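Structure first, commentary second.
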Amino acid sequence: MAIAIFHFNLAPAESLINGTVYDKDTRQALPNVLVRSKPGKQLAITRKSGNFTMPASKNDLLIFTKQGYLPDTLFLVDLTPKKIELIAAVNTLSEVVVTATPDKPGFDPQTEYPEVYEKSKFALSPSQLLGSDARNARRLKRYFDHELRQRKIDSIFNFNLVSSIVPLKGRDLSNFMAMYRPRLSFLDKSSPDDLSNYIKNCYGRFIRLPADEQAPVKLY
């Protein structure tokens, strides 16, 4: 399996940083975590093993984000292998399970990372390096496309709406929204009344569940 390294900035990095991302509570490795570096624009996505490798330098700041988890940061005082533990948002007291909120800046990866979209157009290349670069770009583009869809869902199926329809709060509300999160294809064709009826029907199923089943099953 190819290592997921996204090296799109023009300045060469001094070295590589390796690490593994875990769920803090379950100790399970987390795939598909987006890793970004600052001040550069290096990118990586963790593999099924939770591992990532990316160009980095001392004093870089790494930012880790994944749907359903609180974001985390790591300041690199050295380039030894790192272990990062992310906290599931539904395990916190704050009512946050989404990656997009109305007060967050707009997410426009095509503007922020145009190199990814340009390189993702190359299906084949006589250069092995460019071919690998294109594969990695396509993988990252798929990640961005998925993130854009999730943020659109978040903008519609949000805490304010759901809590105005069903009498749930705190952890119960977070669990309910995670369990019955609709697909974007459904939201695109649904009227406000359709969505309200969907939420009410899901609530009816939710309250009939045993207490130990009123929580989402984690998908890694």
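Only the coordinates and a few stated rules stand behind these numbers; no lab work does. If you're wondering where the values come from, they're calculated on a predicted model, not measured in any experiment. Positions of Cβ are generated from backbone atoms using ideal geometry, with glycine treated the same way; all protein chains shown enter the neighbour counts.
Phi angles across the stretch 19-34 convert, under the Karplus curve 6.51 cos²θ - 1.76 cosθ + 1.60 with θ = phi - 60°, into 3J(HN,Hα) values of x, 9, 10, 10, 6, 4, 7, 8, 6, 6, 5, 10, x, 6, 8, 7 Hz, Gly and Pro given as x. The trypsin sites (Lys or Arg not before Pro) of the stretch 167-217 that DSSP puts in a loop, and whose beta carbon has at most 14 other beta carbons within 10 Å, are Lys169, Arg183. Computed from the C-beta positions of Glu112 and Phe75, the FRET efficiency with R₀ = 22 Å rounds to 0.50. The stretch 142-220 and the stretch 12-84 have their alpha-carbon centroids 29 Å apart. Amide H to amide H, with H built 1.01 Å from N, Tyr22 comes under 5 Å of Leu30, Ile84, Glu85, Leu86, counting only residues 5 or more places away or on other chains.
Taking a straight Cα-Cα cut-off under 30 Å and skipping sequence neighbours fewer than 8 places away in the same chain, the lysines within cross-link reach of Lys58 are Lys24, Lys38, Lys41, Lys48, Lys66, Lys82, Lys83, Lys104, Lys119, Lys141.
The phi torsions of the stretch 208-214, fed into the Karplus equation with coefficients 6.51, -1.76 and 1.60 and a -60° offset, translate into couplings of 8, 6, x, 4, 6, 9, 8 Hz, rounded to whole numbers, with Gly and Pro shown as x.
Of Thr46, Thr26, how do they rank once you tally other Cβ atoms within 10 Å and put the fewest first? Show your work: numbers first, answer last.
Numbers: Thr46 24, Thr26 12.
Least crowded to most crowded, the residues run Thr26, Thr46.
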